[in-house]
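The values are calculated or read from the model by the stated rules, or taken from the named source; none is laboratory data. Please read all numbers here as calculations on a predicted model, not as lab measurements. Using ideal geometry, Cβ is built from the backbone for each residue, glycine included, and neighbour counts are taken over all protein chains shown.
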Amino acid sequence: MKKIYTKGGDKGRTGIHGGTRVDKDDIRIEANGCIDELNAVIGIVRSLLAQEHDYQEALHTIQRELMVVMSHVATPSAIRSANPNVLREDIVTFCESEIDWLTDLLHENGYFVLPGGTPACAQLQFARTVARRAERRLWTLHRQDPLPETILLFMNRLSDLFFVMARYELQQQEWSEERWQAFAYKRKK
């Protein structure tokens, strides 16, 4: 990279894959901004965990796949087949396997929890909320220009994965979850 600034966006427009220029608040750019933010939050989580922590490899995989997702989001569907970045076909099942593995290790709680705990747990909860926002933006884009289903499913699973990661990390650190209230179906009638 020779220059970090190009001045090409100084008038509120930016380029997307294929050479088209769009407004900086275009839904495609907004969706990618959310995914970029999510990737940065994951980077914060990784920086808070020891290098040998069980989550490092999975989080690294997710970060790399988010970069691929961003390239596909930046590419209009009409030319997406020319995108050289290949979406991992098993990324959704990868997330589901991680969720299932962690869920099996978690104590049943039956209540909503307040985000927080250790810095890593709080950042995992933040990653969960950013993933949900990114998913909402992706669905808006999908209605305008269809995205591969894998992208939408991946983003949905990520919020679930970050939730169970946060809970399990809290459990591993022997921190108590701060309860908000019991799930409606678990309340006494």
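If you go through the range 149-177 and keep only what is charged (D, E, K, R) and touching a Lys or Arg at 6+ places or on another chain (Cβ under 9 Å), you end up with Asp160, Glu177. Here Leu138 fulfils each of the conditions (1) under 22 Å from Ala40 (Cα atoms); (2) hydrophobic (A, V, I, L, M, F, W, C); (3) over 15 Å from the mean Cα position of the chain (by Cα) apart from (3).
Residues in the range 41-85 that are hydrophobic (A, V, I, L, M, F, W, C) and within 25 Å of Pro146 (Cα to Cα): Ile62, Leu66, Met67, Val68, Val69, Met70, Val73, Ala74, Ala78, Ile79, Ala82. Restricting attention to the range 73-88, the residues being assigned to a helix (DSSP H, G or I), at pLDDT below 95 and touching a helix residue (DSSP H, G or I) at 6+ places or on another chain (Cβ under 8 Å) number 1. Among the residues of the range 45-58, none qualifies, meaning not one is in a loop (DSSP other than H, G, I, E, B), in contact (Cβ under 8 Å) with a residue 24 or more places away in the chain and more than 17 Å from Arg128 (Cβ to Cβ). Taking the range 38-59 as the range and being closer than 21 Å to Arg88 by Cβ and either crowded, with 16+ Cβ neighbours inside 10 Å or of a type in the set (Asp, Glu) (or both) as the test, the residues that pass are Leu38, Asn39, Val41, Ile42, Val45, Arg46, Asp54, Tyr55, Glu57, Ala58, Leu59. Listed by first and then second residue, the pairs with beta-carbon distance under 7 Å, at least 6 apart or on different chains, first residue in the range 154-165 and surrounded by 24 or more Cβ atoms within 10 Å (Cβ to Cβ), second of a type in the set (Phe, Trp, Tyr) and in a helix (DSSP H, G or I), are Met165/Tyr55. Taking the range 114-135 as the range and being more than 19 Å from the chain's Cα centre (by Cα) and surrounded by fewer than 18 Cβ atoms within 10 Å (Cβ to Cβ) as the test, the residues that pass are Leu114, Thr118. Write out, first by first residue and then by second, each pair whose Cβ atoms fall under 7 Å of each other, whose residues are 6+ apart or on separate chains, and whose first residue, in the range 136-148, is more than 16 Å from Ala82 (Cβ to Cβ) and in contact (Cβ under 8 Å) with a residue 60 or more places away in the chain while the second is in a helix (DSSP H, G or I) and among the basic types (Lys, Arg). So the pair list comes out as Leu141/Arg28.
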